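The next block holds one structure in the form of structure tokens; read it before the comments.
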Amino acid sequence: MSRTDAPGGQRPITIAAIATPAGRGGVGIVRISGGNLATFAATLTDKTPAPRRAVRADFKAGDGSPIDSGLALYFPAPASFTGEDVLELHGHGGPVVMNLLLARCLELGAQLAEPGEFTRRAFLNGKLDLAQAEAVADLIDASTTAAAKSAVRSLTGEFSRAVHALVEELTDLRMLVEATLDFPEEEIDFLRQADAFNRIIRLDERLREVHARARRGKLLQAGLSVVLIGQPNVGKSSLLNLLSGDDLAIVTAVPGTTRDALKSSIQIHGIPLHIIDTAGLRETGDEVEKIGIARTWKAISEADLALLLVDARAGLTPDDHTILEKLPERLPRVVVRNKIDLIGEAPEKHPQGIGGVEGVVVSLSAKTGQGLELLEATLLEIAGWQDAEDTFVARERHLRAIDAAAGHLALARAELETPVPALELFAENLRLAQNALSKITGEFTPDDLLGEIFGRFCIGK
């Protein structure tokens, strides 16, 4: 039995946690959720707070001595965040005071809340669906303004409404098809009259739109991991400094200066980019440099995009070709011709390659900054970013669910296109598509996935 179960009409287990960040602050909050917290509050403060009104109160220890003085806020069930009685104690934001106040709540019978347990109870009690619950954590973790706005759209239900609209349309079509199965002699004509084929096409188009919005949202939420690779002394550290706007990496004319991966997170048009500068790739007898090169290949295996820097004076050398051949096939790459200031070239983007180099090539100078805008635009283009105000925050599991639904829709559409459709298979693929989408909002979600999702939340949320 979970901590939120309440068999036989029993009250849910009361949980408590400090809801404000660790450290000192002007105000600190202890949050409590459970049953019959009016009595709990009366014991702690010698008064019963009026619902949904801030009441000044002294928070008292077991012997009646004061722990702190602040505000008490009481939200009776079901009109609360968790759907249970919720009590918030707003005191002075010192760690000692907060821990004393939390300890007093535990003395009164509360249990220490697990990570994400308040939001999990809100989900289980129907206050939020799963996509909205995840948006709570994404809003807290947002690293850009665009990501925060996107998370708010999901938190207020915009993503969920788009998914529910697709589920409702699938449900209507399933009802039609399954009713038709009872009249096999009329099933094909009936489906044609109901325009089932065109409805599948429209569903697929709408699903693609939701996928595009969700993919942009995932990019806002997770960002793009970009690894800088190349031979020593081609300007990787200079480019890291240029992109980050700071002198993060040591830049010298001595090859092999960078021995370990250096990371910096930046924003381009609100998109988080995690830039990783790596050790130069070359044969070496230096044991320390060998370790750095091994870490470079590890960073490459985990990246979303590779920027191969080459010296514009030398062009793409045989060693550079070797590096390109060793890159994972699934990894997009851009060749960056650096140091164009030394040969008098202007910055330029070559979408189809240049000088025998296939793929996207950008010519720039990391020293002067010429061509930086071209590189930034290229990074956003490869990431698939489009400026849009309708983006909602999304996660990898959401995209997998949408992809699964699209796959089942494609199978259903293919079945209708056969000379003699097997409507049982058609109906089954519609059901599987609906189930895949319903996992996004939590209608069909296993408990182990819930534990994984909410276990990543912070304590007190």
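Sequentially through region 103-109, phi angles give Karplus couplings (6.51, -1.76, 1.60; θ = phi - 60°) of 4, 5, 4, 5, 4, 7, x Hz, Gly and Pro residues having no value and appearing as x.
For region 40-107, the share of DSSP beta bridges that are antiparallel, to the nearest 5, is 90%.
Taking the Cα centre of region 62-191 as reference, the dipole from Cβ charges on Lys and Arg (+1) and Asp and Glu (-1) amounts to some 980 debye. A simple rule links phi to the HN-Hα coupling: the Karplus curve 6.51 cos²θ - 1.76 cosθ + 1.60 with θ = phi - 60°, which for region 45-58 gives 10, 6, 8, 9, x, 5, x, 6, 9, 6, 10, 5, 8, 9 Hz, with x for Gly and Pro. Taking 0.36 nm per residue of separation and subtracting the current Cα-Cα distance, fully stretching the chain between N99 and T48 would add 16.1 nm. Can you work out the base-10 log of I(q)/I(0) for region 1-137 at q = 0.09, 0.13 1/Å, using the Debye formula on its C-alpha atoms alone? Scattering profile of region 1-137, log10 relative to I(0): -0.25, -0.52. Only one residue of V136, F81, T171 has its Cα farthest out toward the positive end of the dipole of region 34-174, where Lys and Arg carry +1 and Asp and Glu -1 on Cβ, and that residue is F81.
What accessible surface, in Å², does a 1.4 Å probe find on W297, ignoring ligands, DNA and RNA and rounding to the nearest 10? Counting only protein heavy atoms, W297 exposes about 80 Å² to solvent. Applying 1/(1 + (r/R0)^6) with r as the Cβ-Cβ distance of D195 and C458 and R0 = 56 angstrom yields a FRET efficiency of 0.70. Quick one: of K149/K298; K127/K439; K263/K339; K439/K461, which pairs are farther than 26 Å apart, Cα to Cα? Pairs exceeding the cut-off: K149/K298.
Computed over the Cα atoms of region 313-409, the ratio of the radius of gyration to the Kirkwood radius (Rg/Rh) comes to 1.10. The convex hull around the C-alpha trace of region 59-185, projected and averaged over every direction, spans 12.3 square nanometres. Between the beta carbons of R24 and T156, assuming R0 = 41 Å, the FRET efficiency works out to 0.80 to the nearest 0.05.
Our Cα-only numbers for region 361-461 put the radius of gyration and Dmax at 21.5, 67 Å. Here the gap between Q267 and T145, fully extended at 0.36 nm per residue and compared with their Cα-Cα distance, gives a gain of 42.9 nm.
In nm, what is the difference between 0.36 nm times the number of residues separating R202 and D403 and their Cα-Cα distance?
Stretched fully, the R202-D403 segment lengthens by 70.8 nm.
The values are calculated or read from the model by the stated rules, or taken from the named source; none is laboratory data. Quick caveat, the model's predicted, so the values are computed rather than measured. Because the Cβ atoms are built from the backbone with ideal geometry, glycine has one as well, and the counts that use them run over all protein chains shown. Surface areas here come from the heavy atoms of the whole protein model, side chains and all, with no ligands, DNA or RNA. Shrake-Rupley method; radii C 1.70, N 1.55, O 1.52, S 1.80 Å.
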